[in-house]
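K.L.:
Structure provided below as structure tokens; questions to follow.
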Amino acid sequence: MEHTALQQVQAFPLRRLLERLREGIYDPLAVQLLTAEHDALDARLQQDLLRTGDEASGHLCVCGAYGQGKSHTLAYIQDLALQQGYAVSAINLDPRAVPLHQFRQTYRALVRTMQLPPVPEAETPPTSFLERWRTWARTQPRLAADPAESLRALLPPTMPHPFQAALVAMMLPTLDVPALLRALDRDSAYRPAEFPWTLRRVLLGDSVPAARLRAALKYRQVSFYQQASLALDNHESFVQMTLALPALLRRMGYRGWVLLFDEGEAMLQVPRPMRARGYQTLQRLVSPASPVPGLRPVFAFTPEFFQRLHEEDYTLPPFECDYAEALRGLHVHHLQGLSRAAWHALCATLITLHATAYRWPADAAQLVPLLTTRLQTLPLRDPRSTLKALVDELDQVQQQTFFAPS
């Protein structure tokens, strides 16, 4: 990274980046300033994930040990996918808070973290998927005499019925019920101020009583809401919604939906039946039963995950199922340690970054050999620890520069 490019970044974000490097914590700005030797990853992304003009789904599994750069790699993929016009969600899997075997919580995290790139016809970038849906749906021509059916025609037919009804209801006006009639039992559920909140909660994956959703759909005049059940379970409904959303995003002008799952090995921490469901959900995302254009899941795993997967006994229930072979055929990108030439280039960038952040006259001609010598004592296979040590070294030089006796 050239010094002039670093000068375009304000000092405070650079100092925050350095503070996080000192603590061994990932920082998103580091993706822009400290990414090196990404040609192999770029080639893999074009082959297995962000293929141009490919109507099928794609996936990638990033494999690396702790500290080897999995989170950094996912952040790099996130930036690249947004640049190429994909909606992107990035989450950390957790067996208690965001478990793959109970997908409602996973879906909730995916939708709430979704980032949307700007679209050409949009004057201002949308702040959320639901806002973009409302903006886009208003511009679409009517496809049926019934307003609700016209809006429903814009949605993928594979989308679960409650989500279809809630998205349509967001676009329709609330039926006006006179004040004298609101006291009657027939209209006791008429609470128009609650309807937007109810619909939003359903679409974001929160638990909402079916009676409240039914009232919101009734008074928002969704003509088809009684055609199927409005019940949502904690898993299957949300898996189906996740598989349906890429098609809607493509209709709305995006290339699809990139799902970034960090700490994928977390699914190993649950009992066997839950682990089996997690494997099954993983298989449905990376290899759907039928093609899902625009679906692009990316999982980050440690090598232990694949070792454990290989050792699992698929001959006994509940592992005796078709997804066993599919999981063994995952597209895996193994992270490799950076070459010494790449580390030398990163040293030069780090010197310029440190000097720009703290406004001190760093002598690159003197410091590059110093950091290069320091590299010989550091674990290059652990970029997090190595960067931390290099920042510490620069801190000491800076202190000596400012506090040296005159």
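K.L.:
For the list (1) assigned to a helix (DSSP H, G or I); (2) farther than 30 Å from His310 by Cβ, I need the number of the one condition that Arg384 fails.
P.N.:
Failing condition for Arg384: (2).
K.L.:
Still on this model: Which residue pairs have Cβ atoms closer than 6 Å, lie 6 or more positions apart in sequence or on different chains, and pair a first residue in the stretch 181-200 that is assigned by TED's automatic domain parsing to the domain that holds Met170 and at pLDDT below 80 with a second residue that is charged (D, E, K, R) and not in a loop (DSSP other than H, G, I, E, B)?
P.N.:
Pairs found: Leu181/Asp187.
K.L.:
Look at Leu29 and say whether it is modelled with pLDDT under 75 and part of a helix (DSSP H, G or I).
P.N.:
yes
K.L.:
Could you say which residue among Leu380, Leu387, Leu346 is at pLDDT below 90, surrounded by fewer than 18 Cβ atoms within 10 Å (Cβ to Cβ) and within 17 Å of Leu21 (Cα to Cα)?
P.N.:
Leu380
K.L.:
State all residues of the stretch 379-396 that are free of Cβ contacts under 8 Å to residues at least 60 places away in the same chain and within 32 Å of the chain's Cα centre (by Cα); if no residue qualifies, say none.
P.N.:
Pro379, Leu380, Thr386, Ala389, Leu390 - these are the residues of the stretch 379-396 that are free of Cβ contacts under 8 Å to residues at least 60 places away in the same chain and within 32 Å of the chain's Cα centre (by Cα).
K.L.:
Also, quick follow-up: It is to be established whether one or more residues within the stretch 67-76 are surrounded by 18 or more Cβ atoms within 10 Å (Cβ to Cβ), over 30 Å from Gln269 (Cβ atoms), at pLDDT 75 or above and in contact with a strand residue (DSSP E or B) (Cβ under 7 Å, 6 or more places away or on another chain).
P.N.:
no
K.L.:
Let me ask something else about it. Checking the condition modelled with pLDDT under 90 and either more than 13 Å from the chain's Cα centre (by Cα) or surrounded by 18 or more Cβ atoms within 10 Å (Cβ to Cβ) (or both), which residue from Leu151, Leu110, Leu143, Leu100 passes?
P.N.:
Criteria check complete, one pass: Leu143.
K.L.:
So which of Asp39, Asp79, Asp48 is charged (D, E, K, R) and touching a helix residue (DSSP H, G or I) at 6+ places or on another chain (Cβ under 8 Å)?
P.N.:
Of the residues listed, the single one that is charged (D, E, K, R) and touching a helix residue (DSSP H, G or I) at 6+ places or on another chain (Cβ under 8 Å) is Asp79.
The values are calculated or read from the model by the stated rules, or taken from the named source; none is laboratory data. Note that the coordinates shown come from a computational prediction; the quantities given were computed from them, not determined experimentally. Heads up, the Cβs are rebuilt from the backbone with ideal geometry, glycines too, and the neighbour counts pull from every protein chain shown.
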